[in-house]
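Below: the structure, in structure tokens.
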Amino acid sequence: MKKTALYDQHVALNARMTPFSGWDMPLRYGSQIDEHHVVRRECGLFDVSHMARIDITGSGAVSFLQYLLVGDVAVQPVGRALYTLMLNAQGGVVDDLIIYRRDETHFTLINNAGCRDQVVSWLQKWQATQWADSVIMTESTDKVILALQGPKALGCFEKALGENWQGIAERIKPFHFIEQDALMVARTGYTGEDGLEIIAKADQAQALWRSLTEAGATPVGLGARDTLRLEAGLSLYGQDLDSTTSPLSCGVSWTIAWDPVERAFIGREAVQKAREDEQLEKQLGLVLDVRGVLRHGQKILREGKEVGQITSGTFSPTIQKGIALARVAADVTLDDLLMVDMRGRTLPVRAVRLPFVRHGQIKIPDYTS
């Protein structure tokens, strides 16, 4: 198993470690529920250095990424982070990722650890065609990535980093970033809360972690990260979206830049065809108002017939109910009487618009159907 530069810190904190995409990562340090709440109410610190980091540079970088991604990097300003997708020719999702434009011809791509090999191979395959002499790809393994999330995250960061950073974090707009003192600091996250993601050199990791925790950040593991992202209605690769599903069915169709119409990108024809399919499945949120936990793979029924499946489910610490993301038939509505099949036992669930929680506030109606 691979270990991040902060592995010894996690062990010293008695973290429960777990295998995750080939890495030995902290699942939790104490109570997962408490870690979840600290992010919603205060400030949590995550080690997400397992994420893959790839630099793409060269005179052909823009045209290369325009063809590989559904978002149009040609209109992405320097200093801006873009959440986007990489599709295959069939319109399935190779991976979802964030790409940072650092200058006119330098981009940094952060993608899921579990998709590292397939993404690197995919990029290499296309770089070797017309971009062999104009694009350079470099995978970085000497960095750490920390996520500082929660309503007190910005203040915690500035307290920890000292005078050079005073007033700077709050001036970073959402999905923008700055580079200073060998740090790349972005106003991004995967929790539904305000916060920052910080890329630093590996030899800075322990001092940075220590400074942030001394400033009030609480270490949080991957267990709470999953319940936080699900409450925020954020999809997880391998469960809510994958190489066989259209982004139009996964709640991420908004990432596609359809204009200009003459821009070709891999999978464009397939997603355009899917866009015209009135029977295409869609994503909805589900809430279980009775006792129980919603889980991946459970069937959703309407009038006794299957109309979809849960892709991600959990018990929400904030709402105190079972919640889920589900892929359902196109004609399912928020007013339908839906049931979930739990090993032969059916329970009522209600469909809701996403997200369930954002910035600490419950966003769904509070009633029992």
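Structure values in brief
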{"read-out": "Relative contact order (%) - criterion: Cα under 8 Å, at least six apart; region: the range 175-313", "value": "15 percent"}
{"read-out": "Taking the range 251-342 and dividing mean pair separation by its residue count, relative contact order in percent (alpha carbons under 8 Å, at least six apart)", "value": "29 percent"}
{"read-out": "Global form of the range 211-305, assessed from the alpha-carbon gyration tensor, a/c cut-off 1.5", "value": "oblate"}
{"read-out": "Max mean-square fluctuation residue, GNM over the chain, Cα-Cα springs under 10 Å, options Asp103, Asp341, Asp181", "value": "Asp181"}
{"read-out": "Rounded Å value of the spacing that divides the Cα centres of the range 121-188 and the range 269-291", "value": "32 Å"}
{"read-out": "Loop-located trypsin sites (Lys or Arg not before Pro) in the range 252-334, at most 16 other Cβ atoms within 10 Å (DSSP)", "value": "Arg263, Arg291, Arg295"}
{"read-out": "Reported label for calculated Cα extents along the principal axes in Å given (i) 59, 50, 38; (ii) 68, 48, 38; (iii) 66, 55, 43", "value": "(i)"}
{"read-out": "Considering only the chain, percent of DSSP beta bridges that pair antiparallel, nearest 5", "value": "95 percent"}
{"read-out": "Length released on extending from Ala89 to Asp336, taking residue separation times 0.36 nm less the Cα-Cα span", "value": "85.4 nm"}
{"read-out": "Low-density loop positions, GluC sites (Glu not before Pro), the range 233-293 - DSSP coil, at most 10 other Cβ in 10 Å", "value": "Glu262, Glu276, Glu278"}
{"read-out": "Computed lengthening from Ser121 to Gln166, 0.36 nm per intervening residue step minus Cα-Cα distance", "value": "12.1 nm"}
{"read-out": "Exposed-loop-free span, longest in the chain, where chymotrypsin sites (Phe, Trp or Tyr not before Pro) count as exposed if DSSP calls them loop and at most 13 other C-beta atoms lie within 10 Å", "value": "1-257"}
{"read-out": "Kirkwood hydrodynamic radius of the range 224-279, from inverse mean 1/r over distinct Cα pairs, in Å", "value": "12.9 Å"}
{"read-out": "14 Å Cα cut-off, lysine pairs counted over the chain (separation 8 or more, or different chains)", "value": "4"}
{"read-out": "Relative contact order for the range 1-117, counting Cα pairs under 8 Å that sit 6 or more residues apart, in percent", "value": "21 percent"}
{"read-out": "Ranking of Ser246, Ser253 by count of other Cβ atoms within 10 Å, fewest first", "value": "Ser253, Ser246"}
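The numbers here are math on the coordinates, done by the rules we state, and not lab data. Values in this document were obtained by computation on a predicted structure and should not be read as measured data. Note: ideal-geometry Cβ built from the backbone for every residue, glycine included; neighbour counts use all protein chains shown.
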